[in-house]
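This report refers to the structure that appears directly beneath it.
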Amino acid sequence: MTTELSPGARVVLRYRLPAGYPDVLSDLVGELVSLDPPAVRGDDGRVVAVAAERVIALRPYAPRPIRTREIQALEIAAAHGWPGLEREWLDGWFLRAGDGFTGRANSAVPLGEAVTLDPLPAIEQWYAERGLPVRLLLPDRLGAVPDGWFTSEEVLMLAVDLDNVVLPNGDSLLTVDPRPTPGWTARCRYRDAPLPPTAGPVLEQVVGGVLGFGSLGTENPVAVARAAVTVAPDGRVWVGLTAVEVDPQHRRHGLGTLICVELLRWARSHGAGHAYLQVAVENEPALAMYRKLGFLDHHRYRYATPTPAEPSSA
């Protein structure tokens, strides 16, 4: 066990479990609380203290580097989970148009191999023909910002292996529909306002996948969320959670966490092994909730526009 650590450091604790457990060893990632006795606060807030003689290793946490191909594969799965109403491939760029509802559904993202900015005039023309401003969604390492363009709305892509998430057992408290119900639509919000009329058709789009619209409650749900199960080029099956909304009068009671884990359980029954979320970097409450569930930072993306852009709510 290393002693070159101090409380507050992010660490990995490996320790022997007591006799009678089915496993011999266990690992815990979290914040070091103390060295004597060794104690770590996990991302769920629970503190685990271990007798020194049971500790196998206590070391700084160094997350595995994310490869560029992994970013590309996840972004393709995410694009298929929110593809807009019209889409087209153009020299490695995936173009989407969705009547202006959300930035993701109305942006071009570089998802091919060795993508360049050479098609930019054609991309601009494609959006002009649909009466939309041109907007590029640029993930880390996949695309460059055109000279003179403006960037905005930094977004964190969080990801988790579902084997690392504690999912509910027993009867589900969630109702999952293949399309948004009137109650679901009434509860969901866009920019803190009711959904615009153009939202419904965009929400119901997926490429080669399965959609689930989860509700806690039926006619007047207290929480809703959307799940899109799609397959990445590397064969991984992902579920993306979007449109997570809790009735303001029922917030801070764990309903956001509950609807997320219930939808992850639903997604696993549809073949998903991994999950992702897209969260604005300044949305600290949401980031804290998802990290407690086990989600880790995967990469970031931002939008680029030829003129300063209005917020798109990602």
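The values are calculated or read from the model by the stated rules, or taken from the named source; none is laboratory data. Source: prediction; values computed, not measured. All Cβ positions, even for glycine, are placed from backbone atoms using ideal geometry, and neighbour counts span all protein chains on display. For the accessible areas, the whole protein counts, side chains as well, though only heavy atoms, and no ligand, DNA or RNA atoms are used. Shrake-Rupley method; radii C 1.70, N 1.55, O 1.52, S 1.80 Å.
I want to confirm something. Restricting to the stretch 202-219 and keeping residues that are open to solvent by 50 Å² or more (accessible area, probe 1.4 Å) and over 23 Å from GLU75 (Cβ atoms), which single residue is modelled with the highest pLDDT?
GLU219
Hey, does the stretch 151-167 have a residue that's within 18 Å of GLY103 (Cβ to Cβ), open to solvent by less than 50 Å² (accessible area, probe 1.4 Å) and of a type in the set (S, T, N, Q)?
Yes, because at least one residue in the stretch 151-167 is within 18 Å of GLY103 (Cβ to Cβ), open to solvent by less than 50 Å² (accessible area, probe 1.4 Å) and of a type in the set (S, T, N, Q).
Mind counting the residues in the stretch 82-139 that are touching a helix residue (DSSP H, G or I) at 6+ places or on another chain (Cβ under 9 Å) and in a helix (DSSP H, G or I)?
4
Counting just the residues of the stretch 72-106 that are within 15 Å of GLY143 (Cβ to Cβ), over 14 Å from the mean Cα position of the chain (by Cα) and among the hydrophobic types (A, V, I, L, M, F, W, C), which one comes out surrounded by the fewest Cβ atoms within 10 Å (Cβ to Cβ)?
If we take residues in the stretch 72-106 being within 15 Å of GLY143 (Cβ to Cβ), over 14 Å from the mean Cα position of the chain (by Cα) and among the hydrophobic types (A, V, I, L, M, F, W, C), then TRP89 is surrounded by the fewest Cβ atoms within 10 Å (Cβ to Cβ).
Filter the stretch 245-272 for residues that are free of Cβ contacts under 8 Å to residues at least 40 places away in the same chain and not in a helix (DSSP H, G or I) and give the result.
Scanning the stretch 245-272 gives VAL246, ARG251, ARG252, HIS253, GLY254.
Applying the selection to the stretch 220-241, what residues are touching a Ser or Thr at 6+ places or on another chain (Cβ under 9 Å), open to solvent by less than 10 Å² (accessible area, probe 1.4 Å) and not in a loop (DSSP other than H, G, I, E, B)?
ALA223, VAL224, ALA225, ARG226, ALA227, ALA228, VAL239, GLY240
Can we say THR307 is open to solvent by less than 20 Å² (accessible area, probe 1.4 Å), touching a residue at least 12 places away in the same chain (Cβ under 8 Å), β-branched (Val, Ile, Thr) and more than 21 Å from ALA193 (Cα to Cα)?
No, not satisfied.
Please go through the stretch 197-219 and give me each residue that is in contact with a strand residue (DSSP E or B) (Cβ under 8 Å, 6 or more places away or on another chain), part of a loop (DSSP other than H, G, I, E, B) and farther than 15 Å from GLY273 by Cβ, ordered by number.
Selection gives GLU204, VAL206, VAL207, GLY208, GLY217, THR218.
Every residue in the stretch 273-300 that is assigned to a helix (DSSP H, G or I), open to solvent by 40 Å² or more (accessible area, probe 1.4 Å) and in contact (Cβ under 8 Å) with a residue 24 or more places away in the chain, please.
MET289, ARG291, LYS292
Just for the stretch 215-232: of the residues that are of a type outside the set (A, V, I, L, M, F, W, C) and within 16 Å of the chain's Cα centre (by Cα), which one is nearest to VAL244 (Cα to Cα)?
By that ranking, first place goes to ARG226.
Return yes when ARG69 is within 30 Å of VAL206 (Cα to Cα) and either among the aliphatic types (A, V, I, L, M) or open to solvent by 90 Å² or more (accessible area, probe 1.4 Å) (or both) and no when it is not.
yes
When you go through VAL24, VAL50 one by one, which is the residue that is without any contact (Cβ under 8 Å) to a residue 40 or more places away in the chain and open to solvent by less than 40 Å² (accessible area, probe 1.4 Å)? Steps first, please.
Numbers: VAL24 fails: open to solvent by less than 40 Å² (accessible area, probe 1.4 Å).
None of the other options fit; the residue is VAL50.
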